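The values are calculated or read from the model by the stated rules, or taken from the named source; none is laboratory data. Small disclaimer: the values here were computed from a predicted structure and weren't measured. Counting neighbours? That spans all protein chains shown, and the Cβs are built from the backbone with ideal geometry, glycine included.
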Amino acid sequence: MKYFGVFVIFAYLYAAQASVYLEEKFSDDTWEQNWIYSKHPGKEFGKFVRTAGKFFNDEKEDAGIQTSEDARFYALSRKFTPFSTEGKDLVIQFTVKHEQNIDCGGGYVKVFDCSLTPEEMHGDSPYRLMFGPDICGPGTKKVHVIINHNDKNVLINKDIRCKDDVYTHAYTLIIKPDNTYEVQIDGEKVESGELEADWDLLPPKKIKDPEAKKPEDWDDRATIPDPDDSKPEDWDKPEHIPDPDATKPDDWDDEMDGEWEPPMIDNPEYKGEWKPKQIDNPAYKGAWVHPEIDNPEYTPVPDLYKQKEICGLGFDLWQVKSGTIFDNVLITDDVEYAQKALSGLKDKQEGEKKAKEALDKAESDAASENDKKDEGGDEDDEDEDDDANEEEHVPQVEETDHDEL
């Protein structure tokens, strides 16, 4: 019971310390009071509109902000009370619905410190983290995870594939105080590891010894030509020979056509260039491995995970085809809270799939009906043309003069 009491106290203290720094569900039009469009010159920025899209599970609950203009940059951000991640988990989570079946465009978010000025945000604005899906053609369908360290943006050195369908998906990044991380899609882990191992945030621990050189007598050839092997006397044969079955055409005129020569064919006896056979090299020492030494420029960073200040989040995107819906933005240090926030995701996805099937069927039926109407209209036009043609071919009958009766 003593240990149980300690556990309860610990759980209570953890719950009391856990914080939600930003939670945005875009539940009504007041979202525009907190989010600010960039006015940075030189680019024509697109607008977001609040909507649940063309198909959804619950129109009210599923409403988010959607990119609304094709071939546009988007720059929208908001700031909140700054915090440090020292000694805490950092969870960044949001949902993305590429309803338009996106061909090329971003679906990620950027996390900023307090130096961000929302009205001036643009592609080169410094950020602390960038996370989320990016799709462009069949070759790029990845989840970006970029960490800024010492003013340098460093991309994860693992390839994480994103979802590329038209339904809502949740993306979660968790960075822990033990310098590990986890990436989740729809609440399921898709990648994890150590920050130092999976990003080039620090110089390498080991480097090749600049003083070391491969010894001159080091033989790294696994095999060598057999010195006792010799070329057979009948080896050398021409690669091509005159066709023995060819005959001079009857109409060949030596004076007009020149001296006749038979065409050349591949020589069946040709053996190619002779090379001595290979044997094991008795002097082989194996592949030479360059020795390594400790890198004098490497210094371990025990708090590599730590962000001294987080103060803003923004969408800084380019989209060829608009229609992406962002929703359920969450920044917290509470992993369990983030997991609970996704409790209705599967129901939403199932509802979207059913709604999409119904929408597709309705559109297909409408298209078929229009095709039938068009075909019917053509038949009516043909009937009218036939009637007109018949009228043109009716012989004209002169009317009898009533006075002659």
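For the reader, a short list of remarks on this structure follows.
- Unique residue being surrounded by fewer than 13 Cβ atoms within 10 Å (Cβ to Cβ) and modelled with pLDDT of 95 or more when the list is Asp383, Asp347: Asp347
- Top-ranked residue in region 141-151 [being in a strand (DSSP E or B) and in contact (Cβ under 8 Å) with a residue 24 or more places away in the chain; ranked as farthest from His98 (Cα to Cα)]: His149
- Condition check for Lys214: closer than 21 Å to Trp288 by Cα, under 35 Å from the mean Cα position of the chain (by Cα) and loosely packed, with under 13 Cβ neighbours inside 10 Å: no
- Only one entry in Pro276, Pro232, Pro242 is in contact with a Ser or Thr (Cβ under 9 Å, 6 or more places away or on another chain) and not hydroxyl-bearing (Ser, Thr, Tyr), namely Pro276.
- Every listed requirement among (1) out of contact with any His (no Cβ under 9 Å at 6 or more places or on another chain); (2) assigned to a loop (DSSP other than H, G, I, E, B) is met by Met256 save one, (2).
- Spans of strands (runs of 3 or more DSSP E) in region 37-91 with at least 1 residues without any contact (Cβ under 8 Å) to a residue 60 or more places away in the chain, at negative phi and within 25 Å of the chain's Cα centre (by Cα): 48-51
- Candidate set: region 267-289, residues that are more than 48 Å from the chain's Cα centre (by Cα) and of a type in the set (S, T, N, Q); chosen: the one farthest from Lys214 (Cα to Cα): Asn267
- Any pair with Cβ under 9 angstrom, 6 or more apart, that starts in region 124-138 at a residue that is under 16 Å from Thr324 (Cβ atoms) and ends at one that is among the β-branched types (Val, Ile, Thr) and assigned to a loop (DSSP other than H, G, I, E, B): Ile135/Ile102; Cys136/Ile102; Cys136/Val320
- From the list Phe56, Phe10, Phe83, the one residue that fits, being at pLDDT 95 or above, farther than 23 Å from Cys114 by Cα and among the aromatic types (Phe, Trp, Tyr), is Phe56.
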